[in-house]
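The structure appears right after this line, and notes come after that.
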Amino acid sequence: MASLSDQLEEVRVNAEGSLSTPGSAQEMRAGVAAMANIPLPPSSKYRNIAAESMLTENGCGNNRNESLSLLQKLSTALNILEKYGSNLTNPNRPKYWRTVKYNNPVFRTTVDSIQGGRAVLNLYGYTNQQHDGLSFPDDVVQPDVGKVASVTLEVMCLRMELDMLIKGTHPHPEFFERLIPSLTVQDDEGISTDAVSFSPSEKPWEKQPPSSVSTPPQPKSPFSQALALSSLVPSKQTENCTICGIFPVSAHCPTCTQRLCTECDQLYHSHSGRSTHIRMPVTSSKAIKRLSSSLSTWQCKYCTTVNTMQQVLCETCERPRLSSSAPSLQEEPSQPSTISEWQCKSCTVVNAGSSILCEVCDRPRLATRPPVAPSRPTPSATGLLDSQWVCQFCTYVNHTPSTVCEMCCLSKSEPASSPSKPLPLSPVKDVTPLSAPSKVMPTEDPDLKRQRLMREEGLKLIQLIREGEKKGVSPEEVYTSMCVSGNSNVTPYDWLKAELPHVLDEICVMAASCQQEPNAQTNSSGGNDGQDGQKSNAVPLSRAEAKRAWLAAGGDNEKAVRQALRDRRVKVKELGSLGFNDVTRCEEALRQSGGDVRGALVLLQRPLLEPFHQRMWSDEPEPPIDINHPDKQHVCRRLLAVFELPSWGRCELVLSLLRDPSATYTLEDVVQAVRESPDRDFIRRVLNKECPICLSVFPHSKMQSLTSCQCSVCCGCFKQHFTIAVRDKHIRDMVCPVCTEPDINDPEHLNSYFSTLDIQKLTEQALIKDPKFLWCSHCSYGFIYDGDQLKVTCMQCRKSFCAQCKKPWEPQHVGLSCEQFQLWKRENDPEYQRQGLAGYLRDNGITCPNCRFQYALARGGCMHFSCSQCRYQFCSGCNNPFHSKCAVNQCTVTGLHAHHPRDCLFYLRDWEPARLQALLQKKAVNYNTDTATGAQTGVCGVIEQKDEGPRPTDSPCGAQTQPGQAGLCEKHYREYLVSLINGHSIDPALLYAHDELIVACRRYHVDVPQGEGEDERSYFARLLKKLMDDVPLGDKVLRKK
């Protein structure tokens, strides 16, 4: 069997886990009870809190009753400390969990009144001492939940042990009697009023046999082994009714776990939701004795304070005597025990369920305002009692049978239905009215009269405000006009229209006279400096300023004058802090803007922006940058704005190079060189390039070079050399004028050189952009075609081809569209049928998206294709360009790459043919699997580009074919299936696995977080729908071929 220390450690670990994580409150209470019942002294049981010191310092009295009273006070303080710890371990902490205020009445009367209370708060983490309380350090973001749970568990355990010790049910009271010797000293006064009342000869655990009450079976708890050790500990028995606390228990309800007297049982279980509960009778031979002993005291069900019978409210929490301790007394048993929110009884603010104090008035949750009894009606007004009721929130006496208060609009609290017989009807209602009613009128209660007048005046004000809003009058104007006009018959709107302008003019005149008086005193004293001269020309107030001050002063003209002048001085000072020191101009701007600082600032800034506005809207060209301008920062700002240099330092570098006396370069050349490098020596080398032909010095940006060598020639010499070569010399003289490279005697070098020459590049680029430009499908010659016929004849090779589908022209194409002609060839051309899918792939080969040149090649192999005509690099599967410096903002790929859509061959070529066929079958698309009649078997005949020798060549594939793949190799059969998928716009995401879908969402930046409690299948379907909706298929993939 394990030792007591091991059992204590096991119970502690389990209980801390239940406390620090959301779990069952029943398991937590069971863990605390198991820890409290382990027979170990406090020095061995509590390792965080100083339990022995707290017991000896707070529990030593002259006799047992006095010691028990002190321990009861310590238990109450531990209860509040337990709530502080529970709030810190709760995931939904209160709003003000970081601080504990000293002025909190509950804290001051409980925790702060015992020794060691603040030490426990320090263990929680409240280590920062402030003048008004304790708080967490500023660098602590979250409390240490594990440590707080450990300390809270010990606080709960010590409080439970103190409760058992006070009630005489502790299994080992000798542990506490060693620390508090006065517990063994008895007095002659009998039972203490601060402890639970038991007769000296009574033992609570012997009052009822275990078989008399059948408790519902409890779930197996991790603390069952530890609880087995304390089987000799008597269970807690409540001798009096849990609701009234006065009469003895007569019935026990296992469903709602209540032990009630006869009257409370009938009242509590008369509710329709509890009428089906089965109660078990409880008999006790000592009921009379318990009744007589319990009548001397009663225990508060909220804070467990023992009060005398003369006290109606609890001394600690001010709760009524009959208030219940658990929500189950007022709510249905099926409702959860946790409270999501609670309403403060003092200020009616609804607070979160985890907060202890009200967020507005700092009153504790358990505190309540004493019930206000309605004033006693006169005998003549007895018949009105049926329709009068006092609101418990605002204490307003309502005279209507409605259940909603007329003043605060809160619902009337309905009392529980009572089985007692109903009151008889008022006899006043049945009396026949006399023919001569009495002249004596009932006297009205002063409080009721005051409330009635307040309500009538409030409703009148609300009606006037609503009418004023319709007429464009603010509520402040309505209220102030009512205060000024008094009880006159003039409505506030008429008064505002007729009298307010005169009042505002009077305020402006009074303010002007107040401004002149100090100026006259200043002038008479001889102080006529510049600022006083400005003040002598004081600007009068505007009506808007006077109106704002009049409203703020509540209609008092003298106060309004002082308020307006005070506001004017504050606003002038604010404008002065922004750089406008001319007081007269600031006051004039405030007068024109009606006292608005922003409007005055706009008026003051407008003259400063006038030169800028004139320059912006002027038709004259922008003046050039003056390098010799005395303001260096002005020149640098112009350089940043005009040339968009990367930094301020580069602008200063440009300025220093241009101001060099020996510099001969232009501003544009220097800016171009500084953009390339911030090194001054490198920039000087770049700006001083010598032309080897004319020996002149030019910047690098004005030098021209060929691709075949490293020689640089100035633009003038370069242009003159090639102009003479084209006009007067042979084509072989169009080489570098310095080193005569390259050697173009070799025809291969000749073609390569002229294909990269800038002149030919510019010509081809201009031609390619023309929509009427065509490439010959026979000889790769390009020309402009202006005709409307499909048949086009090349001017170079004199062969014909189709202008639309770019196929060699055949007589059968006459009168047929390109689609109809392709269908005819499939059905009637034996040569085309013999080629099978190899001919299909050839006819649907690669087309350059830049120059529209067609290649009768398959797309297999590397997807990076470079057009031989325009040198455009693109993906042969989706026509997206390849680039090394990507223009996509979110792209992080460095090096040569392209952004392929998910239906591109770049991704689908890795799928197995069976999976591609399944995708086509899903959309009912037919595909070929048999080899064409007469086609070559065993070897794939698709033409593709191969790197054989110094230049790429076009030759058949030659790979082995597989059965069921239409006479193609696996690579080209996949290409054929993908072309069908692209042609029918089928989304491959329909067959994505989970990992493929996650990778695709990451690639296309689709972020859909998984919901809490959402299963994988639902999340997968939602993620797939989001990908297919937000990321469409590739728009550059050729379709409907």
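The values are calculated or read from the model by the stated rules, or taken from the named source; none is laboratory data. This structure is a prediction, so every number in the text was calculated from the model and none was measured. Because the Cβ atoms are built from the backbone with ideal geometry, glycine has one as well, and the counts that use them run over all protein chains shown. Accessible surface is based on the protein model in full, side chains and every heavy atom, while ligands, DNA and RNA are left aside. Shrake-Rupley method; radii C 1.70, N 1.55, O 1.52, S 1.80 Å.
Odds and ends about this structure:
- Among all positions in the stretch 30-44, there is no residue which is of a type in the set (V, I, T), within 17 Å of S150 (Cβ to Cβ), at pLDDT below 85 and assigned to a loop (DSSP other than H, G, I, E, B).
- Residue selected from the stretch 970-1028 under the condition over 30 Å from T847 (Cα atoms) and polar (S, T, N, Q), by the criterion least open to solvent (accessible area, probe 1.4 Å): S1018
- Any hit, the stretch 151-160, residues being assigned to a helix (DSSP H, G or I), among the acidic types (D, E) and assigned by the TED database to the domain that holds M28: yes
- Qualifying positions in the stretch 644-696 - open to solvent by less than 50 Å² (accessible area, probe 1.4 Å) and touching a strand residue (DSSP E or B) at 6+ places or on another chain (Cβ under 7 Å): C691, S696
- Flag for P607 being part of a helix (DSSP H, G or I), surrounded by fewer than 11 Cβ atoms within 10 Å (Cβ to Cβ) and modelled with pLDDT of 85 or more: yes
- Within the option set E10, E57, E27, being assigned by the TED database to the domain that holds H172 and buried (at least 18 other Cβ atoms within 10 Å of the Cβ) holds for one residue only, E27.
- Annotation note: of E810, E827, the sole residue that is among the acidic types (D, E) and modelled with pLDDT of 80 or more is E810.
- Strands (runs of 3 or more DSSP E) contained entirely in the stretch 844-949, each with at least 3 residues that are farther than 15 Å from Y973 by Cα and modelled with pLDDT under 85: 864-866, 943-947
- Pairs are defined by a Cβ separation below 7 Å, a sequence spacing of at least 6 or placement on different chains, a first member in the stretch 655-677 that is more than 17 Å from F698 (Cα to Cα), and a second member that is polar (S, T, N, Q) and part of a helix (DSSP H, G or I); no pair meets this definition.
- Looking only at residues in the stretch 246-259 that are open to solvent by less than 20 Å² (accessible area, probe 1.4 Å) and part of a loop (DSSP other than H, G, I, E, B), the one that is nearest to H277 (Cα to Cα) is C256.
- In summary, N489 fulfils each of the numbered conditions (1) surrounded by 11 or more Cβ atoms within 10 Å (Cβ to Cβ); (2) in a loop (DSSP other than H, G, I, E, B) with the single exception of condition (1).
- Scanning the stretch 534-557 for residues that are assigned to a helix (DSSP H, G or I), over 47 Å from the mean Cα position of the chain (by Cα) and farther than 17 Å from E499 by Cα yields Q534, K535, S536.
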